[in-house]
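Visitor: Starting off with a structure, shown below.
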Amino acid sequence: MKKQIAIVDYGLGNILSAQQSFLKVSQTNNIKANILITNDPDTIKKSTHVVLPGQGAFDSCMNGLKSIPGMLEALNHFTLIQKKPFLGICVGMQLLALDSEENGNHKGLGWIKGHIKKLPSQNLKMPHMGWNSIQLKNRELKIKPPKADYYFVHSYYFKCVNKEDILAETVYGINFTSIVAKENIYGVQFHPEKSSNQGLEIIKQFIEI
Amino acid sequence: MLKTRIIPCLDVKNGRVVKGINFVDLVDAGDPVQQAKYYSENGADEICFLDISASIENRDTIITVVKKTAEQVFIPLTVGGGINSLKNIRDLLKAGADKVSINTAAIKDPEIVKKSSDFYGSQCIVVAVDVKRSGDKWLVYSHGGTKNTGIEALGWLEKLENFGAGEILLTSMDKDGTKSGFDLEILSKATKILNIPVIASGGVGSKEHFYEGVINGGASALLAASVFHFNEISIKDVKNFLISKNIKVRI
């Protein structure tokens, strides 16, 4: 069956890079897939996979989603009712949480119990920018990230309420959650589309779900 | 642990690389995409394009270059050179650049740093600062390092951080092209006062210089051009040397 991967466009983020990486992965691995950039809720409901990228502030991303009529309903339907594979990237991952303390206090999608908090500086440069390693939890999931460095850019992190939802952690001053996974929902704090071959491998594993 | 980044910088003029690798058999050595791909497959942690096209018309060629690069290169890409408006920034980010590097435009009107970082996020706004020593301080130069602005460097750097710059690309004009190492004095002063990452640039000529940039200069990333392009040192050599000195890099 031909897959349809919808990359959600809500006016923010480097969408083109995300699309290029998915195109590259489907071409190199001979996976038949339509890779769409879309802001149409109906297209999202009909897709097999949804990717939510994100850049900038949490509240502007959340407001971007809310400003599209039917978008939140479509995302909820796709992920919670149809239970189809969903991937959040960077702020797109943070949006999965209950709320964020960035620029006040803002509600997220609330699909994975957690709170978005500021990384404590502790004399470290902020944002946390560059390549960092991940420590994988022992979980049997369809996505098995290669043990390698990934490209991060962020100043806030996902504080998971339930340890079972953590797939990987990364150290920058503190130990924070770098990959969350719960049933059909995945979220990565780093940018797989900018993380060389190991990042493309994660994208491949996601498309193959 | 966070790794120290190694960044090769390519000069691009009218869509073609003018200072780039000249030791490998690339089908078309003037093609920025092939050069960027080569570096991304050979240990580069990011790629930097510096657009040195002289005229505004020719500057549009960089957009095409960025688009084509984003199709094939899957590590972060920074683009700088001649950026003077929010529209320039938007066009480059939309074409697939991950960060833009602003220089003279920030000196002319620092508000561009504030506006662009507010709008697109600090993470994609790099400010390039060219400095030259003058007595016991350092002054900021604009227009590709040709005009003395009279601005004192450290105060300027703090202002840029406050205005929302996500990263500083600090180039010593005294050291650039000398292959005698980074200006460690201004570099260490800058990295001490700033909370944002600093990319060191200008003067690197040996593996030891990269090491000093991290240990003595406190740099988060190291940028070089000719030593890589002429294969005097490979990125892998630099990384192996840094590993031998217990500096964490991505392998």
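Visitor: Averaging sequence separations of C-alpha pairs under 8 Å and six or more residues apart, then dividing by the length of region B:5-244, give the relative contact order as a whole percent.
Guide: 17 percent
Visitor: Separate question: Could you work out, residue by residue across A:186-195, how many beta carbons of other chains sit within 10 Å of that residue's beta carbon, and then give the average as an integer?
Guide: Shielding by partners across A:186-195 averages 2.
Visitor: Work through the residues other than B:Thr149 whose Cβ is under 14 Å from its Cβ and net out their charges, Lys, Arg +1 and Asp, Glu -1. Intermediate results must be reported in sequence, preceding the final value.
Guide: Values: positive: B:Lys108, B:Lys132, B:Lys137, B:Lys147, B:Lys159; negative: B:Asp109, B:Asp130, B:Glu152.
Local net charge: +2.
Visitor: Then there is this: Ratio of region B:83-195's C-alpha Rg to 2.2 N^0.38 Å, to two decimals?
Guide: For region B:83-195, the normalised Cα radius of gyration comes out at 1.05.
Visitor: In square angstrom and rounded to 100, what buried accessible area do you get between chains B and A, total over both, with the probe at 1.4 Å?
Guide: By this definition, chains B and A bury close to 2400 Å².
Visitor: Still on this structure: Taking the Cα atoms of region B:5-244 alone, what are Rg (to one decimal) and Dmax (as a whole number) in Å?
Guide: According to the Cα coordinates of region B:5-244, Rg and Dmax are 16.6, 49 Å.
Visitor: While we're looking at this one, here's another question. Which peptide among B:144-150, A:88-94 comes first, and what is the full order, when sorted by highest mean count of other Cβ atoms within 10 Å?
Guide: Those peptides, ordered most packed to least, come out A:88-94, B:144-150.
Visitor: If you roll a 1.4 Å probe over the heavy atoms of the protein chains, what accessible area per residue do you get for region A:3-207, in Å²?
Guide: Accessible surface, normalised per residue, equals 38 Å².
Visitor: With a 1.4 Å probe and every protein chain left in place, work out the accessible area per residue of chain B in Å², rounded to a whole number.
Guide: Working: 10180 Å² over 251 residues.
Ligands and nucleic acids excluded, the figure is 41 Å² per residue.
Visitor: Using only Cα atoms, what Kirkwood radius does region A:3-207 have, in angstroms?
Guide: 16.8 Å
Visitor: Would you compute, from DSSP H runs of 4+ residues alone, the mean residue ellipticity of chain B at 222 nm, taking -39500 (n - 2.57) per run and dividing by the full residue count, rounded to the nearest 500?
Guide: -11000 deg cm²/dmol
Visitor: Considering only protein heavy atoms and a probe of 1.4 Å, how much of the accessible area of the protein assembly as shown is carbon and sulfur, as a whole percent?
Guide: That fraction is 48 percent.
Visitor: Then there's this: Quick one: divide the alpha-carbon radius of gyration of the protein assembly as shown by 2.2 N^0.38 Å and tell me what you get.
Guide: 0.95
The values are calculated or read from the model by the stated rules, or taken from the named source; none is laboratory data. These numbers were taken from a predicted model, which means no experiment stands behind them. With ideal geometry, Cβ positions are generated from the backbone for all residues, glycine too; neighbour counts draw on all protein chains shown. The protein model used for the area step is the full one, side chains on, heavy atoms only, and it has no ligands, DNA or RNA in it. Shrake-Rupley method; radii C 1.70, N 1.55, O 1.52, S 1.80 Å.
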